[in-house]
Amino acid sequence: MEKFIIFLPLSAAIISGFFGKIIGNRSSQIITSLFVSLSALISIYIFYDVINNGYTNNVVIAKWISSGQLDVNWSIKIDQLSAVMLVVVTLISSIVHIYSIGYMSHDPHQPRFMSYLSLFTFAMLVLVTSDNFLQLFFGWEGVGLCSYFLIGFWFKKPTANAAAIKAFIVNRVGDFGFALGIFLVFYIFGTVNYEEVFSQVFIYADNKLNFLGIELNAINLICFLLFIGAMGKSAQIFLHTWLPDAMEGPTPVSALIHAATMVTAGVFLVVRCSPIYEYSPIILNFITIIGMTTALFAASVALAQNDIKKIIAYSTCSQLGYMFFAAGVGAYNVAMFHLFTHAFFKALLFLGSGSIIHSFQNEQDINKMGGVYKHLPYTYTLMIIGTLALTGFPFLSGFYSKDLIIEFAYLKGNTFGYYACAIGIFTAVLTSIYSWRLIFKTFHGEYSNKNQPLSSIHESPMIMLIPLIILAVGSIFAGFIFKDLFMQQGSFIDFWQGSIFFLEPLTTNHPPKEIVYLTPILVTISIPFSYYIFLKNKSITDNLVNGNKPLYLLLKNKWYFDELYDVLFVKSSKFLGKYLWKKIDGLIIDRFGPDGLSSLFKYFSIKAVKFQSGFVYQYAFIMLIGFSLILTIIIIN
Amino acid sequence: MNFPILSSLIILPTIGALFILFSRSSSNYNAAKYISLFISLANFALSIYLWLLFDSTNSSFQFVEEKNWIHGFINYKVGIDGISILFIVLTTFITPLCIISVNSTIKNKLKHFLVAILFMETMMIGVFCSLDLVIFYLFFEAGLIPMFLIIGIWGGERRVYSAFKFFLYTLLGSVLMLIAIISIYWMTGTTDVIELYQLGIDSKYQNLLWLAFFSSFAVKTPMWPVHTWLPDAHVEAPTAGSVLLAAILLKMAGYGFIRFSIGLFPIASEYFVPLIFTLSLIAIIYTSFVALMQEDMKKLIAYSSVAHMGFVTMGIFTMTPQGIEGSIFQMISHGIISAALFLCVGVVYERMHTREISKYGGIVSVMPRYAVVFMIFTLGALGLPGTTGFIGEFLILLGTFKVNFTVATIASVGVILGAAYMLWLYRRIVFGEITNAEVKKLVDLNRSEMIILSVLAIVSIFFGFYPDPLLSTTSASVEGLIELFNMNVKIYTASNL
């Protein structure tokens, strides 16, 4: 049963990838969508089984690596945590598959696209169902690879190729930390299997070791290194630069990989490793700081962007920050809850923006849209639902999860907690403002696209709208329905069992009413506020921009991270490579090595040649000298 | 063992070579090719049979054959253990693929080219199963002659310079190794490896002897700073020559480190670990940066070979099971992947007659099948999990981490750089719009190219997902070696207290 969940997408990918040309576009679309949907149905069934009967299982498929002490299997681990992830991944994936049939209908490489999507789903499932760190790493790099393929799907576009490589390499930087984390886990625990590692954590809680000349707590170091990996994959600040660029890929990809599933793998990693993280309060605080900084930073940048997909990409970055700071304050289940609801509304927003882009024939600049809500009634409504859910408008799904994060940050009770809580509320307001800016600029106001007549704007086909409607239903109800489950309330006491570990039980207190009500009120107020400044009275925003030019440029240029990294890493690496090649290899090693040696030989042989001049008198002269020398020596002796 | 299976493996290619050389019917190009292909496939089958017969739970030498040659001085002695068997199989596996890949590019003296390849196969197999230092030396050095000829005769424009450089470098190391072998004979009265393992070599002389062997192995690995012959040799060598060079010839040195440096001179090996680690790290980081900036496809892959072999030398001298098994695995993996990458370069070189990266771009539009296989090997080279490249690198780094955090951390940076130069290479060749009109005329892989490259792709993916057949073959012997090493070091430290 479990095997089907994983291997259906893989076989779909293989069929569509290798035989796509033979079986044709339509068949490969049907096969991939069908297989992944089947996988989703089985996942939902298993999720149901897990909820109601506490079903868990660990299926070992085969041996992978075994060397010395190291013993790693291919396996499928089903527990509460992986069951949630299974549902998220397969459900969103099948919706995206179906949507892609419509969205990619004019593309010449449809089987390849579908194959990549299915392959991605396979890799993501391998990641979430692993029972050890190494298989997790396999899935981790596997999803990275599919992301690379899909970002660079339009291989003729130089920007797409650059973005694809950037995504892969920035992720590799994260993976560098992650891999070191795995090495350290093996070094300390002698195994990379979750169960065996987690059951020994408390023994090694105070182990010290010397790393790069610094005395460190082993558990802290493991947590830190693993978190570096999570930062890369989940696009947290400093390693986030690949995510906005990744929007070069087709929009369904952005929805599946860069919003709902892959980028949440980092959050999943931290939650999965909660038994280790619980013993490392320092790193948890660090995660909180990184999370809230990312949330704030990304939201601020989103305010000044004009590309519809980039705005949503930064929004994703920011929401991932929320998830991390939830995990950082120890509320792992809340992080999972936000991951779950976020998957719905963010996929909805991305696919909705895809529908807009589709209608505008590949226009992505929100300044070149506007005034089309009558022409795109379905898309408009669906986008509104997505936006409401994202901003945490009362009783939609984002409301439940985001408010809980802010509450738990407050309840943490230390400086980090209060600080995170404040940043959380402020970012929620920013989120609301940039989201409504997107809606108002896209759908309201004057139609401002000179390249296309307004009449050519048309609604997307049903095959694209139906997936959106499913997601909209999720965006509205997922929070309300699953709140008790994720929070282990009501009839779901102790839902998570051992899959999430709390050193101390999560607090059941409630923060003061002011805090609870503050966010929804602010979020609601910001709707008319945004309407006013972005639509009614644009001079306010214009004045704001002109009055704070440096700030605006900072935001518009994404805090200049790309420029900085280009100088720090890209240019300097190229310079270094050239220097080592031309100067060291060429001018030093070769010059004094083989070339030097050979010219030395040449020099001496040329000298030697001069002795053989061919003139008999010279030979005779030398013979004479030699002869007299020998005679002299004999006589002296 | 009645049937001398190892000697048959060694001698069979030479018989084939002689047959091609002297029989008249093989003056026909195709006949020569088919005969050599047949011989090398038979040898491959024989080596697989050997692998099946091989008892991987036993760490001692098996299938040992011994013949007196010059009484009391040189014995012909061969035998294999879990470390050598895989290299033999690799050699017999790569050779037929090489022969298939030989085609119109070798315009003159095809017959002699094939003879050189087969002769080299003999020498390589000889290297991997010699159990006597003298015959090891003979095979080791004689193997270079066909390679020297392949570069010098069938090479590109600067072939003489490259062949000369290749020769100069290897000569220096070889002479020192020969002197070391002779002095070992004077000291112990034998050159039999098994006997020497048991006797041990006086720790006073180990350092010098180790350095003499090292000078030979370091050149052939190649380690920094004696690596500069490799890019030149690769660039000038014909495709099949590059494949043999990268896939098998470089592995002789890695094998030599495991079998002789660690086995014969454990105390010195322990002493020189910092040296090896330093040079390996430089090789990994330095050559990765250099590879990044290469404008010639073959040079880029050659530099990446240096980086990959840096991992190998680092792994070997961790003296941990993961490190050494990882190194063996990495050598096999690199044998497959680098062979495939050079073949991939050969495919487009044959059609375009240039190796300059900037002349390409957008070939996915005209050669989609090529784009797929090239991608698979690119991913293998950058160590993606699911390919053999990952298993080797991962085990090596895991083993290194146990011994030294700093070294492992720095080496891991090489993994990031590896991704950078490989993906950038791939992007510049395969993706983008076609700008060069020549590229538009390219035709996709033909049948024989498809066969070779798919076989290599399947092998590298299969063992990436299921490396157990390889790892379980080596594990007992590697553990035996480490035990021997630890015992020696323990005795030495005890005697010095």
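Annotations
- Some residue of region A:496-508 being in contact with a Pro (Cβ under 6 Å, 6 or more places away or on another chain), surrounded by 16 or more Cβ atoms within 10 Å (Cβ to Cβ) and closer than 28 Å to A:LEU430 by Cβ: no
- Inside region A:445-471, residues that are assigned to a helix (DSSP H, G or I) and hydroxyl-bearing (Ser, Thr, Tyr) make up a count of 2.
- Some residue of region B:156-163 being within 14 Å of another protein chain (Cβ to nearest Cβ) and outside any helix (DSSP H, G or I): yes
- Options B:LEU453, B:LEU445: the member that is at pLDDT 90 or above and either within 9 Å of chain A (Cβ to nearest Cβ) or buried (at least 17 other Cβ atoms within 10 Å of the Cβ) (or both): B:LEU453
- Residues that are crowded, with 24+ Cβ neighbours inside 10 Å and more than 21 Å from A:LEU349 (Cβ to Cβ) within region A:87-112 comprise just one, A:PRO111.
- Considering each residue of region B:343-366 in turn, none proves to be free of Cβ contacts under 8 Å to residues at least 60 places away in the same chain and within 23 Å of the chain's Cα centre (by Cα).
- Only one of the numbered conditions (1) of a type in the set (S, T, N, Q); (2) more than 12 Å from chain A (Cβ to nearest Cβ); (3) without any contact (Cβ under 8 Å) to a residue 60 or more places away in the chain; (4) crowded, with 21+ Cβ neighbours inside 10 Å is not met by B:THR378, and that is (2).
- All conditions but one from (1) at pLDDT below 90; (2) within 14 Å of chain A (Cβ to nearest Cβ) apply to B:LEU279; the one that does not is (1).
- Residues of region A:129-139 that are more than 8 Å from chain B (Cβ to nearest Cβ) and either under 12 Å from the mean Cα position of the chain (by Cα) or closer than 16 Å to A:GLY232 by Cα (or both): A:LEU136, A:GLY139.
- When A:LEU212 is tested against the conditions (1) of a type in the set (A, V, I, L, M); (2) surrounded by fewer than 22 Cβ atoms within 10 Å (Cβ to Cβ); (3) away from chain B (no Cβ under 14 Å); (4) at positive phi, the lone failure is (3).
- Residue count, region B:384-407 (criterion: assigned to a helix (DSSP H, G or I), out of contact with any Pro (no Cβ under 6 Å at 6 or more places or on another chain) and buried (at least 24 other Cβ atoms within 10 Å of the Cβ)): 13
- Matching residues, region A:141-154, being facing another protein chain (nearest Cβ under 10 Å) and either of a type in the set (D, E, K, R) or in contact with a helix residue (DSSP H, G or I) (Cβ under 6 Å, 6 or more places away or on another chain) (or both): A:GLU141, A:GLY142, A:GLY144, A:TYR148, A:PHE149, A:GLY152, A:TRP154
- Subset of region B:195-210 that is surrounded by 17 or more Cβ atoms within 10 Å (Cβ to Cβ) and in a helix (DSSP H, G or I) - its residue that is modelled with the lowest pLDDT: B:SER203
- Restricted to region A:223-331, the set of helices (runs of 4 or more DSSP H) holding at least 2 residues that are within 27 Å of A:ASN548 (Cβ to Cβ) comprises A:242-245, A:281-303, A:308-328.
- For region B:79-100, the criterion of being part of a strand (DSSP E or B) and modelled with pLDDT of 85 or more is met by at least one residue.
- Tally, over region B:402-425, of residues that are within 9 Å of another protein chain (Cβ to nearest Cβ) and touching a Ser or Thr at 6+ places or on another chain (Cβ under 8 Å): 7
- Residue count for region A:19-39, restricted to those that are farther than 19 Å from A:TYR103 by Cβ and aliphatic (A, V, I, L, M): 3.
- A:ILE222 falls short on exactly one of the conditions (1) more than 21 Å from A:GLY142 (Cβ to Cβ); (2) modelled with pLDDT under 90, and that condition is (2).
- B:GLU433 being under 30 Å from B:LEU196 (Cα atoms), among the acidic types (Asp, Glu) and touching a residue at least 40 places away in the same chain (Cβ under 8 Å): no
- In summary, B:GLY361 fulfils each of the numbered conditions (1) closer than 21 Å to B:LEU398 by Cβ; (2) not in a helix (DSSP H, G or I); (3) not basic (Lys, Arg) with the single exception of condition (1).
- From the list A:PHE575, A:PHE604, A:PHE569, A:PHE611, the lone residue that is at pLDDT below 80 and closer than 30 Å to B:ASP232 by Cα is A:PHE604.
- Hits in region A:43-56 (condition: surrounded by 15 or more Cβ atoms within 10 Å (Cβ to Cβ) and either over 26 Å from the mean Cα position of the chain (by Cα) or at pLDDT below 90 (or both)): A:ILE46, A:ASP49, A:VAL50, A:ILE51, A:TYR55, A:THR56
- Considering region B:458-496, and only residues there that are small (Gly, Ala, Ser) and within 12 Å of chain A (Cβ to nearest Cβ), the residue that is nearest to B:GLY386 (Cα to Cα) turns out to be B:GLY464.
- Taking the criterion of being facing another protein chain (nearest Cβ under 10 Å) and among the β-branched types (Val, Ile, Thr), the residues of region A:155-187 that qualify are A:ILE165, A:ILE169, A:VAL170, A:VAL173, A:ILE182.
- Residues (aromatic (Phe, Trp, Tyr), in a helix (DSSP H, G or I) and in contact with a Gly (Cβ under 8 Å, 6 or more places away or on another chain)) located in region B:211-239: B:PHE213, B:PHE217
- Checking B:ILE363 against (1) under 24 Å from A:ASN161 (Cα atoms); (2) β-branched (Val, Ile, Thr); (3) modelled with pLDDT of 90 or more, the condition it does not meet: (3)
Residue by residue, here is whether (1) more than 8 Å from every other protein chain (Cβ to nearest Cβ); (2) in contact with a Cys (Cβ under 6 Å, 6 or more places away or on another chain); (3) within 30 Å of A:ILE237 (Cβ to Cβ) holds:
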site	(1), (2), (3)
A:LEU553	yes, no, yes
A:LEU564	yes, no, yes
A:LYS574	no, no, yes
A:GLY593	no, no, no
A:VAL609	yes, no, no
A:VAL616	yes, no, no
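- Subset of region A:188-206 [assigned to a loop (DSSP other than H, G, I, E, B) and within 14 Å of chain B (Cβ to nearest Cβ)]: A:GLY190, A:THR191, A:VAL192
The values are calculated or read from the model by the stated rules, or taken from the named source; none is laboratory data. This one's a predicted model, so the numbers in the text were calculated from it and none came from an experiment. Here Cβ is always computed from backbone atoms with ideal geometry, including for glycine, and neighbour counts include all displayed protein chains.
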